Amino acid sequence: MARSKRDYYEVLGVTKTATDDEIKTAYRKLAVKYHPDKTNGDKESEEKFREVTEAYETLADSQKRSQYDSPFQGGSFFNLGDIFNAHSAFSGMYQQTVNIRGSRGQDIVILLELTLNEVLTGVQKTIRYKRYEKCEPCSGRGSTDDKVGQCTKCGGTGHINEVKTFGNMIMQNIAICDKCKGKGSTLNFNCKNCLGTGRILKDTILPLSIIPGVSEREEIAVRNNGHCGEHNGVPGNLVVRFKIKQHEFLTRILTARVASDVSCDIHLSISQAVLGCKITVRTLQKDTELTINAGTKHGDKYIVAKYGLPMYNNKDAIGDQIVNVIIDIPRPNDLTEEQWKLFDKLKGLGL
């Protein structure tokens with residue numbers, strides 16, 4: 001069934017992929033060329049002007065253009081014989097085996113808590129969660145047999161017809177039935193196990209490997225481990241996000257660096273700070289000895305290189321451990337009589 005009128009894109013001299021601006025520009029040029037005021041009543045020019053205007057009014061409207069472009073809907077004109085022939089043609093075209101395409105399943109998001117030691121070395125975790133999985137008795141179809149029934153919306157034709165008359169012309173708007181997807185028939189969703197949805201809720205156990213260096217800024221998407229969609233729909237993903245437990249003495253420092261530093265506090269006495277000393281610093285890997293310089297002040301920082309956390313996806317890039325110095329000032333009530341006398345003597349010496 002071919003259009004009795006010229007193709008609207010051909011009338012305007014544009015391609016089917018033309019933008020709205022290109023269509024508007026083409027129309028303006030042709031409208032000026034064939035406008036009756038400039039053609040002195042030339043019948044052929046008037047007909048072209050009418051044709052150009054009709055093409056523009058269709059293609060400039062997004063909804064009309066979409067209908068026009070559709071092989072089943074587009075503003076096409078038929079005679080009565082064509083309409084009845086079309087009915088039988090479409091009926092035969094869509095009488096196929098029913099194959100319901102389900103919707104995509106939803107993603108599942110879980111929060112996994114890790115310790116800094118697990119971040120340091122990486123860890124194997126076993127995740128337990130609930131997800132909709134394919135129903136086994138009906139293989140995810142929602143139906144335990146292949147019995148089909150006529151679609152109640154389109155009456156088994158697979159399409160919906162809308163006929164309009166314009167004088168002695170008839171226009172038929174043909175749309176694929178959205179209920180049966182053009183098949184003309186639908187399955188009898190009679191599976192009692194899943195109540196026709198094609199999926200049931202089950203407990204799921206999933207082993208998951210966490211590589212070193214992960215932080216709360218990362219997330220892992222495990223494809224197809226989310227909810228299964230209804231009627232064999234594509235499964236969603238399992239999205240794993242992380243929460244790092246607070247450590248007993250370390251704090252993680254997330255910066256723009258390629259690796260993660262950690263920090264801790266150390267407490268020094270006045271004499272240790274003034275005279276210098278060696279102290280043992282606890283780290284995630286092992287205890288290490290740190291030399292404190294004489295004259296160290298409250299708030300000074302020391303760096304224990306390569307004792308931080310690794311970079312995510314690059315375990316060879318290791319951060320540092322930052323040691324913050326806190327100098328403890330004793331309270332008078334905490335001093336012995338001898339200590340008090342010594343401080344009083346130091347005061348007399350200008351210290």
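Observations
- Where a label projected 7 Å from the Cα of Gln246 along Cα→Cβ would reach, residues of segment 260-297 with amide N under 19 Å: 262-266
- For segment 295-351 versus segment 202-253, the inter-centroid distance based on Cα atoms is 40 Å.
- Scaling against 2.2 N^0.38 Å puts the C-alpha radius of gyration of segment 251-348 at 1.40.
- On the beta carbon distance between Gln339 and Asp287, with R0 = 25 Å, the FRET formula returns roughly 0.25.
- Entries in Lys64/Lys147; Lys130/Lys245; Lys245/Lys306 that, when Cα-Cα distance is taken, lie over 31 Å: Lys64/Lys147
- Per-residue Cβ neighbour rank within 10 angstrom, fewest leading, His35, His227: His35, His227
- Straight-line cross-link reach from Lys125 at under 16 Å between alpha-carbon atoms covers these aspartates and glutamates, not counting any fewer than eight positions away in the same chain: Glu113, Glu219.
- The slack in the chain from Ile211 to Ser139, taken as 0.36 nm per residue of separation less the alpha-carbon distance, amounts to 22.3 nm.
- Bins of 10 Å, starting at 0 and running to the largest distance - Cα pair percent for segment 8-69: 24, 52, 21, 3
- Reach of Lys278 by Cα under 12 Å, taken over aspartates and glutamates that are not fewer than 8 positions away in the same chain: Glu289
- Prolate/oblate/rounded call for segment 108-244, Cα gyration tensor, a/c under 1.5 rounded: oblate
Values quoted throughout were computed directly from the atomic coordinates according to the rules given, and no laboratory measurement underlies them. Computed from a predicted structure; not experimentally measured. When we count neighbours, we look across all protein chains shown, and the Cβ atoms used for this are built from the backbone with ideal geometry, even at glycine.
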